[in-house]
Amino acid sequence: MDESEGNYEAYDLKTWLDLPESSNWIEVLDPKAHVLAYWDQSARPDGRMFSQARPTQTVSSLLKHSAGSALVKQGDTKVLTAISIEIGQPAPEFPDHGDVMVSVSSTTTSTASASTLQPRFYDRLQAWLQRMLDDLLPPKLNLLTGKACIRLVVSVMILQDAGNLMDASLLSCMAAWKNTTLPTMDHLMESEGRLWWKENLMSSVSNSDTTTTTTTQSASEQSKEYRISLTMGIVRDAKSDSIKFLVDPSSEEEKHTDGELTLVVELQSRKIQVEYTGSMGLEASDFALASKLANGRADELVSLL
């Protein structure tokens, strides 16, 4: 044996790999094992209980030149929504109907899962939001039958993705719609077979105005329905052959769940829509628990609208 072989220093793995002092080496080397270790103890990496959502805040009327806007911060996930108004001619088959158009974009890459979320997940998110708003916002949006109707352009901007974009994005849309003000025919005049604005739309119906005239309709003055969603990651507990719900999963948790369940609660009627992705069968008791959690989340967030 070479004498030098007996002369070695003992290195721990963290030092040998030159990991940052603040890093948990198990988290770096085997993220799934790191997360599962918490779940086995009925805990979560960020210290939350399974049924606990991240702190959520909304700030409305941020953008001066939009008809309505809102920023939602849910944990480290941040979503900004702006609603603008376009006036156009309705389709012949729906002479008194306007429409809603949703677009989703991002200003930054997501945290842990950028490569898997973009663009596939953003396309799915946009389609889901479109479906949520199509049958929620006023279906008519009519100004002058057969001649003029309103199109609401809902622009959703992902500022930071730290998981659960669906809930944060829908809440941002609802908060923006809450402070949106719609024009009426009092703002229009007909000349040479065309409709024209009597005055600048943004100056007359902007959410930045401190006064509201009788010629505008704020969303809060109309009979409106709002929706709150609750998304839960689904984890199968092999020991007990049961499932666990992880309310408001972070991006770290989303990568290791066995499925995802989203419940959308209509605040007034308390009707619930269900969207489930996963291969596991769910029992009636699972849906009962999920419904209870979703209604509790709706009660929690209604004050933010």
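The values are calculated or read from the model by the stated rules, or taken from the named source; none is laboratory data. What you see is a predicted model, and the numbers here were worked out from it, not measured in a lab. Here Cβ is always computed from backbone atoms with ideal geometry, including for glycine, and neighbour counts include all displayed protein chains.
When only residues in segment 144-177 that are outside any strand (DSSP E or B) and hydroxyl-bearing (Ser, Thr, Tyr) count, which is modelled with the lowest pLDDT?
So in segment 144-177, the residues outside any strand (DSSP E or B) come out as 145-147, 161-177.
So of that shortlist, the ones also hydroxyl-bearing (Ser, Thr, Tyr) come out as 145, 169, 172.
Working: 145: 85, 169: 98, 172: 98.
Selected residue: 145.
Consider residue 274 against the criteria (1) assigned to a loop (DSSP other than H, G, I, E, B); (2) within 16 Å of residue 285 (Cβ to Cβ): it satisfies all of them except one. Which criterion is unmet?
Checking residue 274 against (1) assigned to a loop (DSSP other than H, G, I, E, B); (2) within 16 Å of residue 285 (Cβ to Cβ), the one that fails is (1).
Please specify each residue of segment 113-143 satisfying the condition of being at pLDDT below 80 and under 17 Å from residue 79 (Cα atoms). Can you show your working first?
Just the residues of segment 113-143 that are at pLDDT below 80, to begin with: 113-120, 137-140.
Within segment 113-143, 113, 114, 117, 118, 119 meet the criteria.
Here's the yes/no breakdown for (1) exposed (fewer than 13 other Cβ atoms within 10 Å of the Cβ); (2) touching a residue at least 40 places away in the same chain (Cβ under 8 Å):
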| site | (1), (2) |
| --- | --- |
| 248 | no, yes |
| 256 | no, yes |
| 259 | no, no |
| 264 | no, yes |
| 269 | yes, yes |
| 281 | yes, no |
| 288 | yes, no |
| 299 | yes, no |
| 304 | no, yes |
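Of all residues in segment 257-269, count the ones that are out of contact with any Asp or Glu (no Cβ under 6 Å at 6 or more places or on another chain), more than 18 Å from residue 52 (Cβ to Cβ) and modelled with pLDDT under 95.
Qualifying residue count, segment 257-269: 4.
Here is a yes/no grid of residues against (1) exposed (fewer than 14 other Cβ atoms within 10 Å of the Cβ); (2) not in a loop (DSSP other than H, G, I, E, B):
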| residue | (1), (2) |
| --- | --- |
| 72 | no, yes |
| 79 | no, yes |
| 96 | no, no |
| 105 | yes, yes |
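Here are 296, 281: which of them is assigned to a helix (DSSP H, G or I) and of a type outside the set (Phe, Trp, Tyr)? Lay out the reasoning, then the answer.
On the way: 281 fails: assigned to a helix (DSSP H, G or I).
The match here is 296.
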